[in-house]
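So the structure is just underneath, and the comments pick up after that.
The values are calculated or read from the model by the stated rules, or taken from the named source; none is laboratory data. Just so you know, these numbers come straight off a predicted model, no measurement behind them. Positions of Cβ are backbone-derived with ideal geometry, glycine not excepted, and every protein chain shown enters the neighbour counts. Just so you know, the surface numbers come from the protein's heavy atoms only, side chains and all, with ligands and any DNA or RNA stripped out. Shrake-Rupley method; radii C 1.70, N 1.55, O 1.52, S 1.80 Å.
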Amino acid sequence: MQLGLEVSMRTFDGQSSISYSRTRPMYPAELYYWLSQQVPSSSVVWDCACGTGQASVDLAAYFDHVEASDISESQVTAATPHRKVNYQVFPAEKTLYPDDYFDVVCVAHALHWFDLESFWSELRRVLKPGGIFVCWGYNWLQVGEAEDKAIAEAVLPHLEEYWPAESRLLWEQYRNIEFPFELIDVPAFELKCHWSVTQTLDFIRTWSASQLRIQELGDDFLLEASPIIREAWSEPTKKQQIHLPFFVKAGRFS
């Protein structure tokens, strides 16, 4: 899994942290509300692999204290400040948090990058008995028949050899990850955005495979794909509803 760590660092440190945060979808508010109903609002929450604090700030709307950490110093430096959120830089697998400290640990769209054996060990150390672990993610995007076809034909062939192996875990919605606890039932949540064609192209640029290809060969493939996708966009001057297949896994430690 060390290779996965190197790939993730190249991916997320290789692009502007501010532009990355602006092009990523906001997670459903219903998810945070559901989580807040599982434990008291006074709970201490860890947003692990917080990036620029997208989930951290939203969690702070429901919980009194949020610890947020990420291995990328540039991401944490660009994180959104909040009086209830304390940001720190260290890897998910080795932190400075006390034993039995957290009521809730969250990982938003990042678990596939972890050294899972080491992370599970750290999770057992810092999570209180009876505490909840929850992770979530999304894969691909669905716009419309013509738009999806244009993306599939103009972008995806250029990325085939650049997708990290860890991405497959995400595509499979973590079904092949062996969790060290019994999963609990979680309601279904939808992840939707209203994006312009420019926002959608910016989002595609943030994909791990896109970033790795750009680092090696430049972004000509995206510049060539842009007019094709724009032509396929049903209303070029308007935003469209974007659906991102979304999943949540959660469990309670005994």
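Dividing the helix sum by the residues of the chain, where each DSSP H run of 4 or more adds -39500 (n - 2.57), gives a mean residue ellipticity at 222 nm of -11000 deg cm²/dmol.
Each of L123, Q173, Q38 was placed along the dipole of the chain (beta-carbon charges, centred on the mean Cα), and the one lying farthest toward the positive end is Q38. Calculated accessible area for the chain comes out at 47 Å² per residue, all protein chains present (probe 1.4 Å; ligands, DNA, RNA ignored).
Our compactness index for the chain, the C-alpha radius of gyration over the empirical 2.2 N^0.38 Å, is 1.02. Label sites at Q142 and E216, each approximated as a point 7 angstrom past Cα along Cα to Cβ, lie 3.1 nm apart.
You can think of it this way: the chain between A29 and H243 has 75.5 nm of extra reach, that is 0.36 nm per residue less the Cα-Cα gap.
Between S196 and F181, residue separation times 0.36 nm minus the direct Cα-Cα distance comes to 1.3 nm. Quick note on region 12-160: its Rg to Rh ratio, both from C-alpha atoms and Rh being the Kirkwood radius, is 1.01. Antiparallel beta bridges, as assigned by DSSP with both residues in the chain, represent about 40 percent of the total such bridges.
For the chain, a crude dipole built from +1 on the beta carbon of Lys and Arg and -1 on the beta carbon of Asp and Glu, taken about the Cα centre, is about 600 debye to the nearest 20.
Within the accessible surface of the chain, defined with a 1.4 Å probe on protein heavy atoms only, the carbon and sulfur portion equals 49 percent. Anyone know which of A209, A110, A152 comes out most mobile in the 10 Å Cα GNM of the chain? Maximum among the listed residues: A152. In a DSSP loop and with at most 16 other Cβ atoms within 10 Å, the trypsin sites (Lys or Arg not before Pro) in region 163-228 are R175.
Among 232-238, 102-108, sorting by the average number of other beta carbon atoms lying within 10 angstrom of each residue, highest first, gives 102-108, 232-238. Entry note, region 14-253: relative contact order of 22 percent, from Cα contacts under 8 Å with a spacing of 6+ residues.
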